[in-house]
Amino acid sequence: MWTNKTFTVDTVAAAVSSTVTITATYSGVSQSAALTIGRLALQSLALSAPTTTPGVAVTGTITLAAPSAAAGVLVSLSSSSANAAVPPSVTIAGGASSQTFTVDREC
């Protein structure tokens, strides 16, 4: 008679994909299985408004495809124009999957 036991393998977000080997051993016999953990990816960048007027800020939201690792994730930002200033980067806190930032519309 076969007896199965299901268990959970917890994973954390990483900057690169990796493959790990999970091994079970009983009575001197081992069985292994490979698990590929995908890299953490940027899912989206959204703005609260597609247009604005001088002096009115717009909120941006960066969303990851999965929660970040405990140390958090640093995401670089840039703007193609000095008329729309963004911070150089934002940190998505550990365990979070999104972070907001302000886009300042210069006068």
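The values are calculated or read from the model by the stated rules, or taken from the named source; none is laboratory data. Note that the structure is a prediction, hence the values are computed from the model and not measured. Glycine gets a Cβ as well: all are built from the backbone with ideal geometry, and neighbour counts include every protein chain shown. In case anyone asks, the SASA skips ligands and DNA or RNA and just uses the protein heavy atoms, side chains included. Shrake-Rupley method; radii C 1.70, N 1.55, O 1.52, S 1.80 Å.
At residue 33 and residue 21, where each label point lies 7 Å from the Cα along Cα→Cβ, what is the point-to-point distance in nanometres? Label-label distance for residue 33 and residue 21, simple model: 1.6 nm.
Taking 40, 74, 64 in turn, the Gaussian network model of the chain (Cα-Cα springs below 10 Å) assigns the largest fluctuation to 74.
Set the Förster radius R0 to 41 Å, insert the Cβ-Cβ distance between residue 83 and residue 5 as r into 1/(1 + (r/R0)^6), and round the FRET efficiency to 0.05. Please list the in-between numbers first.
Working: r = 60 Å, r/R0 = 1.47.
Here the calculated transfer efficiency is 0.10.
Amide H contacts of residue 103: 58, 59, 60, each under 5 Å away and 5 or more positions distant or on a separate chain (H built 1.01 Å from N in the peptide plane; Pro and chain starts excluded). Excluding ligands, DNA and RNA, the accessible surface per residue across the chain is 74 Å² with a 1.4 Å probe.
In order along segment 28-43, the Karplus-derived 3J(HN,Hα) couplings, from 6.51 cos²θ - 1.76 cosθ + 1.60 at θ = phi - 60°, round to x, 10, 10, 10, 10, 9, 8, 10, 9, 9, x, 6, 5, 10, 6, 8 Hz, and Gly and Pro are given as x.
Taken along its three principal axes, the alpha carbon spread of segment 32-107 comes to 62, 21, 19 Å, from the longest extent down to the shortest. Largest GNM mean-square fluctuation among 59, 25, 36, using the chain with Cα springs under 10 Å: 25. Measuring nothing but protein heavy atoms, the accessible surface of the chain at 1.4 Å probe radius is 56 percent carbon and sulfur. Placing R0 at 25 angstrom, the Cβ-Cβ distance between residue 12 and residue 44 gives a FRET efficiency of 0.70 after rounding to 0.05.
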